[in-house]
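The values are calculated or read from the model by the stated rules, or taken from the named source; none is laboratory data. These figures come from a predicted structure and were not determined experimentally. With ideal geometry, Cβ positions are generated from the backbone for all residues, glycine too; neighbour counts draw on all protein chains shown.
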Amino acid sequence: MNDPQPSAGAALDLDVLVIGAGIAGIYQLHKLRIEHPDLRVEVVDAAGGVGGTWYWNRYPGARFDSESYSYAYFFSKELRDDWRWKERFSGQPEIEEYLNHVVDRFELRPYITLGFRVQSATWDETSRSWSVRTADGQERRTRFLVTAVGLLSAPQFPIAPGREEFRGIAHHTALWPAGGVDFTGKRVAVIGTGSSGVQITGAIADEVASLTVFQRTPNWCTPLNNTPMGDEEYADISSRLDEIHATLMGSFAGFVHQFQPVSAFDVSPEDRHRLYEQLWEQPGFAKLLGNYMEVLFSPEINAEFSAFLAGKISGLVTDPAKADKLIPKDHGYGVKRPPFEAGYYAAFNKPNVDVVSLTDSPIERFTPTGLIAGGTEHEFDIIVYATGFDAITGAFDRIDIRAGEGQSLREYWEYGPHTFLGMQSPGYPNLFFIAGPHSTGGNVPRAIEGQVDFLTGLLTRAVSHGHERVEVTPQAEVAWTEHVLKGVEGTVVAVGKDWAFGGNTPGKKLAYRHYGGGIITYSTRCAEVVAGDYAEFDFA
Ligand code: NAP
């Protein structure tokens with residue numbers, strides 16, 4: 001902890017408490033340390049180390065699917081110059097090392113408390129402060145509370161009974177043990193075929209005795225096309241990082257890939273197929289974001305590209321019955337956030353790797369030796385739960401957040417979040433969210449960057465005027481929430497199957513919880529608010 005400095009809220013422990021020491025929390029801490037060294041700031045995190053997503057998700061195969069240099073922080077030229085990413089899409093160990101490097105390089109560690117799992121946060125109007133508590137009785141009283149708890153940080157498990165009866169090794173991909181898991185010669189089940197399940201399947205297929213992938217919904221996976229970063233290419237990228245940063249912040253989703261400048265309908269079907277073939281060979285998200293924009297808006301073009309991908313999958317998986325199971329039938333490309341694969345489809349060409357469709361054979365129960373699905377008993381040494389997250393609002397729902405006698409934030413957002421800019425909800429003064437509901441998806445650190453910069457400006461506005469209370473107006477919240485929901489209408493995503501709608505979590509109310517308007521629209525709106533001297537907020 002930093003030395004307490006006198007401030008208007010001297011009776012409080014802190015001026016700003018940030019929950020979460022991931023990409024967002026680290027940057028928010030650094031920004032406040034630089035711009036407000038007099039403020040008492042602390043970051044708390046339940047984990048035993050910093051890194052958030054990249055601390056918890058240490059399963060084999062976990063890696064970026066944004067280009068490494070585009071995902072990293074841009075705020076310091078010195079940091080950019082002294083870190084050299086090894087791969088186009090670097091793996092979890094290197095990412096965790098990078099985030100620790102950032103924390104040490106900018107001397108942030110003294111302000112971070114680990115092993116601090118927040119259970120409740122309660123607003124006290126009299127002292128204009130939040131009281132933040134853990135289950136084991138630790139407490140902080142803070143003027144401002146910033147959540148940086150992550151979009152995908154509340155892991156969820158299959159609901160079938162008997163999970164605790166399994167006597168083998170079982171881990172969720174997002175709660176992976178630091179010591180790793182030895183898969184050599186083991187009979188392994190992977191449940192779930194999102195990005196995590198696809199990555200781990202490709203990574204372990206060569207080690208296991210057998211691997212059974214339990215698939216509820218097939219996904220449109222395309223090659224990641226990862227490569228080491230050669231010195232010449234890296235030197236070129238390093239020399240252009242300012243320009244690259246401007247491109248990312250001026251793009252739709254913060255990626256280096258740009259949509260085609262022409263409409264799909266203005267080119268011939270042959271030319272479209274030529275582009276699809278080129279995209280297949282390109283790295284990562286080029287397949288989605290370097291495509292025609294109509295892939296996201298036109299059912300016809302979406303179906304055409306999906307058919308192209310189905311052909312590719314059929315070519316990669318030699319057993320036609322397995323290939324048929326692995327090809328999505330109920331949604332087109334981009335309806336769900338697409339995974340990127342390295343050895344995933346090839347794994348199914350091994351005789352000891354199989355896919356079981358949970359639509360045909362649902363998991364009935366877990367047993368001491370494995371599980372029963374569709375009436376068949378399967379025995380395993382290891383079960384991997386790659387079953388994803390109670391997304392976006394899940395991490396908030398696990399904290400009892402209350403302002404006065406009013407309803408909890410969990411209740412307030414039950415039918416979908418209401419926010420202004422994804423950063424505050426009326427009724428919850430001095431509580432701000434980074435990378436929470438209604439914030440831009442895509443290459444998330446770029447969206448985080450804009451939010452942290454905006455929020456730091458808002459806090460500067462408050463403290464420089466001696467204000468102790470900041471609350472967004474209900475009108476601003478209603479307008480932003482309507483804008484968010486309207487923006488997703490008419491896109492292929494609006495089908496609602498993705499975790500952005502909560503469609504992956506049993507019992508969760510279906511509502512769009514992300515922001516699909518893109519980084520430019522979002523940052524333009526932020527700039528308007530700043531130019532209007534934050535008129536959407538009441539200061540007291
Ligand atoms: P996910 O995309 O939600 O996938 C979870 C998988 O588990 C899905 O196949 C889901 O089926 C299945 N599932 C969920 N509950 C189940 C149940 N009760 N029984 C059987 N199957 C069940 O989760 P994820 O793979 O962890 O990825 C989540 C997000 O994290 C990604 O979309 C991505 O944004 C991010 N991520 C990124 C990277 C990267 O950048 N490199 C890597 C991993 C994850 P349904 O599809 O039917 O729901």
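Listing for the model above:
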{"read-out": "Scope region 15-36; condition among the hydrophobic types (A, V, I, L, M, F, W, C) and in a strand (DSSP E or B); matching residues", "value": "VAL16, LEU17, VAL18, ILE19"}
{"read-out": "Failed criterion for SER425 (all others in (1) out of contact with any Asp or Glu (no Cβ under 7 Å at 6 or more places or on another chain); (2) of a type outside the set (A, V, I, L, M); (3) buried (at least 23 other Cβ atoms within 10 Å of the Cβ) hold)", "value": "(1)"}
{"read-out": "Residue match in region 235-251 (condition: away from the ligand (no atom under 14 Å from the Cβ), basic (Lys, Arg) and surrounded by 14 or more Cβ atoms within 10 Å (Cβ to Cβ))", "value": "no"}
{"read-out": "Counted residues, region 505-518 - those being surrounded by 17 or more Cβ atoms within 10 Å (Cβ to Cβ) and either in a loop (DSSP other than H, G, I, E, B) or in contact with a helix residue (DSSP H, G or I) (Cβ under 6 Å, 6 or more places away or on another chain) (or both)", "value": "9"}
{"read-out": "Conditions (1) at pLDDT 95 or above; (2) within 16 Å of the ligand (Cβ to nearest atom); number of the one not met by ILE159", "value": "(1)"}
{"read-out": "Cross-chain or 6+ apart pairs with Cβ under 6 Å, region 200-229 first and in contact (Cβ under 8 Å) with a residue 60 or more places away in the chain and basic (Lys, Arg), then within 12 Å of the ligand (Cβ to nearest atom) and assigned to a loop (DSSP other than H, G, I, E, B)", "value": "ARG216/LEU358"}
{"read-out": "Residue check for GLU294: modelled with pLDDT under 95, farther than 20 Å from ALA342 by Cα and acidic (Asp, Glu)", "value": "no"}
{"read-out": "Among the residues listed as ILE363, ILE313, ILE372, ILE301, the single one being among the β-branched types (Val, Ile, Thr) and surrounded by fewer than 19 Cβ atoms within 10 Å (Cβ to Cβ)", "value": "ILE372"}
{"read-out": "Failed criterion for PHE183 (all others in (1) within 16 Å of the ligand (Cβ to nearest atom); (2) in contact with a helix residue (DSSP H, G or I) (Cβ under 7 Å, 6 or more places away or on another chain); (3) in a loop (DSSP other than H, G, I, E, B) hold)", "value": "(1)"}
{"read-out": "Test result for THR142, more than 21 Å from the chain's Cα centre (by Cα), more than 21 Å from GLN407 (Cα to Cα) and more than 16 Å from the ligand (Cβ to nearest atom)", "value": "no"}
{"read-out": "Qualifying residue in region 263-279 (condition: over 15 Å from ASN302 (Cα atoms), among the hydroxyl-bearing types (Ser, Thr, Tyr) and at pLDDT 95 or above)", "value": "yes"}
{"read-out": "Selection count, region 484-504, where residues are surrounded by 20 or more Cβ atoms within 10 Å (Cβ to Cβ) and either within 16 Å of the ligand (Cβ to nearest atom) or assigned by TED's automatic domain parsing to the domain that holds ASN219 (or both)", "value": "8"}
{"read-out": "Some residue of region 219-228 being surrounded by 17 or more Cβ atoms within 10 Å (Cβ to Cβ) and more than 16 Å from the ligand (Cβ to nearest atom)", "value": "no"}
{"read-out": "Boolean, ALA62 is among the aliphatic types (A, V, I, L, M) and closer than 30 Å to PRO283 by Cβ", "value": "yes"}
{"read-out": "Which numbered condition GLY284 fails, given (1) surrounded by fewer than 22 Cβ atoms within 10 Å (Cβ to Cβ); (2) of a type outside the set (A, V, I, L, M); (3) modelled with pLDDT of 95 or more; (4) farther than 23 Å from LYS325 by Cβ", "value": "(1)"}
{"read-out": "Residue tally, condition more than 13 Å from the ligand (Cβ to nearest atom), among the small types (Gly, Ala, Ser) and either in a strand (DSSP E or B) or in contact (Cβ under 8 Å) with a residue 24 or more places away in the chain (or both), over region 162-179", "value": "4"}
{"read-out": "Filtered residues of region 37-95 (kept if in contact with a helix residue (DSSP H, G or I) (Cβ under 6 Å, 6 or more places away or on another chain), surrounded by fewer than 19 Cβ atoms within 10 Å (Cβ to Cβ) and outside any loop (DSSP other than H, G, I, E, B))", "value": "ARG80"}
{"read-out": "Region 353-383: number of residues that are within 13 Å of the ligand (Cβ to nearest atom) and either more than 24 Å from GLY507 (Cβ to Cβ) or among the basic types (Lys, Arg) (or both)", "value": "3"}
{"read-out": "Residue list for region 384-423, filter: touching a strand residue (DSSP E or B) at 6+ places or on another chain (Cβ under 8 Å), polar (S, T, N, Q) and either closer than 30 Å to THR201 by Cα or within 16 Å of the ligand (Cβ to nearest atom) (or both)", "value": "THR387"}
{"read-out": "Candidate set from region 198-211 (those that are surrounded by fewer than 22 Cβ atoms within 10 Å (Cβ to Cβ) and closer than 20 Å to ALA373 by Cβ); member that is farthest from the ligand (Cβ to nearest atom)", "value": "ALA209"}
{"read-out": "Some residue of region 442-462 being hydroxyl-bearing (Ser, Thr, Tyr), in contact with a Leu (Cβ under 9 Å, 6 or more places away or on another chain) and within 18 Å of VAL146 (Cβ to Cβ)", "value": "yes"}
{"read-out": "Wholly within region 110-158, strands (runs of 3 or more DSSP E) carrying at least 1 residues that are of a type in the set (D, E, K, R) and in contact with an Asp or Glu (Cβ under 7 Å, 6 or more places away or on another chain)", "value": "129-134, 139-147"}
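Yes/no per residue for (1) closer than 30 Å to SER127 by Cα; (2) without any contact (Cβ under 8 Å) to a residue 40 or more places away in the chain:
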position: PRO445; (1), (2): no, no
position: SER464; (1), (2): yes, yes
position: VAL493; (1), (2): no, no
position: TYR522; (1), (2): no, no
position: CYS526; (1), (2): yes, no
position: ALA531; (1), (2): no, yes
